[in-house]
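Remarks on the structure that follows.
The values are calculated or read from the model by the stated rules, or taken from the named source; none is laboratory data. Worth saying up front: this structure is predicted, and the values here are computed from it rather than measured. FYI the Cβ positions are ideal-geometry reconstructions off the backbone, even for glycines, and counts take in every protein chain you see. We work out accessible area using only protein heavy atoms, side chains counted, and drop any ligands, DNA or RNA first. Shrake-Rupley method; radii C 1.70, N 1.55, O 1.52, S 1.80 Å.
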Number of protein chains: 2
Amino acid sequence: MEKEFKPYYAVIFTSTLTENSEGYHEMAEKMEALAKKQEGFLGIDSSRNEIGITVSYWENLEAIKNWKQHSEHLIAQEKGKNQWYSWYNTRICKVEREYEFTP
Amino acid sequence: MEKEFKPYYAVIFTSTLTENSEGYHEMAEKMEALAKKQEGFLGIDSSRNEIGITVSYWENLEAIKNWKQHSEHLIAQEKGKNQWYSWYNTRICKVEREYEFTP
């Protein structure tokens, strides 16, 4: 019998930075810590080379909306647009299936 | 009027590597080049620090299934499990909304 899978949501945030990264890493850490405290938060993965990819996982769309509108997060988003990001893309996705490999 | 949005699919592949990465980067490049030639392929983003995140985008589930079963990709997956990856996770997601920022 297949394991039952309960769909959840992923936010795929891809970005490139400007040359003015002052304060960026502190803010990124702060926002990650804050995201983890939100209701409906499930997890987060993040890495950056030429492009930065952050994927956060959420129980439902309501949780994503609440996080998007969180007051401290709004300030970070504003600074992101004005200073840190030369480009970004946000995708809201429904996770329909998942496979894990652990040897 | 809101722009019409046509849903598509994302495969979120997160992984950590073993210490035996011989041949890994060549294979990763080869697989990315091959993925780009598949029908229904839309794009790919990739970055790696402590964790590697590769997100590929596809027109539909059929395209994802075909790519998963592609003969050369199957060989790469097998080598990945036997040698390169200490852990990985694959999530199949439906992209329901998308926002882009370009200053």
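Numbers for the structure displayed
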{"item": "A:LEU61 paired with A:GLU100, simple spin-label distance in nm, labels 7 Å along Cα-to-beta-carbon", "result": "2.8 nm"}
{"item": "Inter-copy spacing of A:LEU74 label points, which lie 7 Å from Cα along Cα→Cβ, given in nm from shortest upward", "result": "5.4"}
{"item": "Label distances, nm, A:PHE101 versus same residue in remaining copies, Cβ-directed 7 Å point", "result": "3.5"}
{"item": "Two-decimal ratio, chain A, of alpha-carbon radius of gyration to 2.2 N^0.38 Å", "result": "1.17"}
{"item": "Cα centre as origin, Lys/Arg/Asp/Glu Cβ charges: the stretch B:12-103 dipole, Debye", "result": "240 debye"}
{"item": "Cα-derived Rg to Rh of the protein assembly as shown, Kirkwood definition", "result": "0.96"}
{"item": "Accessible surface of chain A [probe 1.4 Å, protein heavy atoms]: carbon and sulfur percent", "result": "48 percent"}
{"item": "Solvent-accessible heavy-atom area per residue, rounded to whole Å², over the protein assembly as shown at 1.4 Å", "result": "62 Å²"}
{"item": "Charge-dipole axis of chain A as Lys and Arg at +1 and Asp and Glu at -1 on Cβ define it, positive-most pick from A:ALA10, A:ILE51, A:TYR99", "result": "A:ALA10"}
{"item": "Exam field: A:GLU26 pseudo-label spacings to other copies (7 Å along Cα-Cβ), nanometres", "result": "4.6"}
{"item": "Computed [θ] at 222 nm, helices only, for chain B once each DSSP H run of length n ≥ 4 contributes -39500 (n - 2.57)", "result": "-8000 deg cm²/dmol"}
{"item": "Spatially close lysines, pair count over the stretch B:1-70: Cα under 25 Å, gap of eight or more or interchain", "result": "10"}
{"item": "Total accessible surface hidden between B and A, rounded to 100 Å², 1.4 Å probe", "result": "3300 Å²"}
{"item": "Whole-Å semi-axes of the stretch B:15-59's equivalent ellipsoid (Cα gyration tensor)", "result": "22, 13, 6"}
{"item": "Spin-label proximity, B:SER71 to the stretch B:28-52 - amide N less than 19 Å from point 7 Å beyond Cα toward beta carbon", "result": "B:30-39"}
{"item": "Where a label projected 7 Å from the Cα of B:GLU39 along Cα→Cβ would reach, residues of the stretch B:53-67 with amide N under 16 Å", "result": "B:58-67"}
